[in-house]
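My questions will all concern the structure given below.
The values are calculated or read from the model by the stated rules, or taken from the named source; none is laboratory data. Fair warning: this is a prediction, and the values are worked out from it, not measured in the lab. Here Cβ is always computed from backbone atoms with ideal geometry, including for glycine, and neighbour counts include all displayed protein chains. For the accessible areas, the whole protein counts, side chains as well, though only heavy atoms, and no ligand, DNA or RNA atoms are used. Shrake-Rupley method; radii C 1.70, N 1.55, O 1.52, S 1.80 Å.
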Amino acid sequence: MSESRPAEVDVDVVVVGAGGGGLAAALAAVDAGASAVVLEKEERAGGNSALSTGSVPGAGTRWQAEAGIDDSPARLAADLLRQSGPHDAEETVEVLAAASAGLVEWLVDSHDIDLRLITDYKHVGHSVPRLHAPPSRKGHALIADMLRAAKAADVEVLTHSPVDSLVVEDGVVRGVVVSGARSGTYTLRCRAVVLAANGFG
């Protein structure tokens with residue numbers, strides 16, 4: 001049986017939310033050969049990421065190795081679970097920890113995001129330094145870099161574009177309804193939707 005696909009789409013991937021996670025998802029989609037658009041309800045991109053220090057944890061990056069820091073995904077997951085205590089998303093923690101070093105190195109190597117290992121600070125609960133941040137340690141600098149990378153990758157980032165609902169056909173998400181946007185309410189059809197709104201917090 002062949003995979004069911006919508007007959008017509010406006011874009012391959014719609015990402016809801018233009019924070020660090022959403023912009024990274026759009027870049028990953030383009031790297032995989034898809035077209036992508038990012039929809040942000042606020043007047044500017046950034047979300048929680050722009051208000052943060054722009055730090056991305058990476059366990060086992062080459063910069064840690066160069067600094068003599070012994071780290072691993074298992075150590076990161078153990079640190080996070082020790083800090084949070086038992087919960088229902090422990091498998092997700094392990095998946096994110098396993099992908100963390102590759103994420104940081106991909107952002108730097110493939111998209112020229114200026115992230116540098118912070119060696120003089122360990123985040124609460126972390127047993128070793130593993131945060132990678134812009135030189136300014138400002139989230140808006142990370143977002144500026146990611147927006148530049150998105151533009152270079154032909155990813156359109158649309159602000160003032162709140163997603164009101166998902167378009168579901170035969171149990172499959174086929175798009176989103178954008179309402180209250182400057183251009184009015186419209187439907188954007190796609191092959192996949194990534195929900196990256198409001199952060200993991």
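So which lysines pass the test for Lys138, namely a Cα distance under 16 Å, with those fewer than 8 places away in the same chain ruled out?
Cα-Cα hits under 16 Å: none found.
More than 16 angstrom separation, counting every C-alpha pair in segment 1-90; what % is that?
Distances greater than 16 Å cover 72 percent of the Cα pairs.
How far apart, in nm, are the 7 Å Cα→Cβ label points at Ser127 and Ala67?
Computed distance between label sites Ser127 and Ala67 equals 1.7 nm.
List the aspartates and glutamates whose Cα sits under 18 Å from the Cα of Lys151, skipping any in the same chain fewer than 8 residues away.
Straight-distance partners of Lys151: Asp12, Asp31, Glu40, Glu43, Asp109, Asp112, Asp114.
Using a Gaussian network for the chain with springs between C-alpha atoms less than 10 Å apart, which of these wobbles most: His123, His132, His160?
Sorting by GNM fluctuation, first place goes to His123.
Can you tell me how much longer the chain between Thr187 and His140 gets when fully stretched, taken as 0.36 nm per residue apart minus their C-alpha distance, in nm with one decimal?
Extra length available between Thr187 and His140 comes to 13.9 nm.
Treat every Asp and Glu Cβ in the chain as -1 and every Lys and Arg Cβ as +1, leave all other atoms uncharged, and give the resulting dipole magnitude about the Cα centre to the nearest 20 debye.
About 500 debye.
While we're on this one: Give a quick list of chymotrypsin sites (Phe, Trp or Tyr not before Pro) in segment 44-151 that DSSP marks as loop, anything other than H, G, I, E or B, with at most 13 other Cβ atoms within 10 Å.
Sparse-neighbourhood loop chymotrypsin sites (Phe, Trp or Tyr not before Pro): Tyr121.
With P(r) over Cα pairs in 5 Å bins from 0, in percent in mind, check (i) 1, 7, 16, 20, 20, 16, 9, 5, 3, 2, 1, 0; (ii) 1, 7, 14, 17, 18, 15, 12, 8, 5, 2, 0, 0; (iii) 1, 7, 12, 13, 11, 9, 9, 8, 7, 6, 4, 4, 3, 2, 2, 1, 0, 0 and report the label derived from this structure.
Matching entry in (i) 1, 7, 16, 20, 20, 16, 9, 5, 3, 2, 1, 0; (ii) 1, 7, 14, 17, 18, 15, 12, 8, 5, 2, 0, 0; (iii) 1, 7, 12, 13, 11, 9, 9, 8, 7, 6, 4, 4, 3, 2, 2, 1, 0, 0: (ii).
Calculate what fraction, in whole %, of the accessible area of segment 67-152 sits on carbon and sulfur atoms when a 1.4 Å probe is rolled over the protein chains.
Carbon and sulfur atoms account for 56 percent of the accessible area of segment 67-152.
Next up: Excluding residues on the same chain fewer than 8 positions from Lys41, give the aspartates and glutamates whose Cα lies under 16 Å from its Cα.
The qualifying aspartates and glutamates are Glu156, Asp164.
Calculate, in nm to one decimal, what Asn48 and Ser84 gain on full extension: separation in residues at 0.36 nm each, minus their alpha carbon distance.
Between Asn48 and Ser84, full extension yields an extra 10.9 nm.
So, one more: So what is log10(I(q)/I(0)) for segment 90-131 at q = 0.15, 0.16, 0.34 1/Å, when the Debye sum runs over its Cα atoms only?
These q points yield log10 I(q)/I(0) values of -0.45, -0.51, -1.05.
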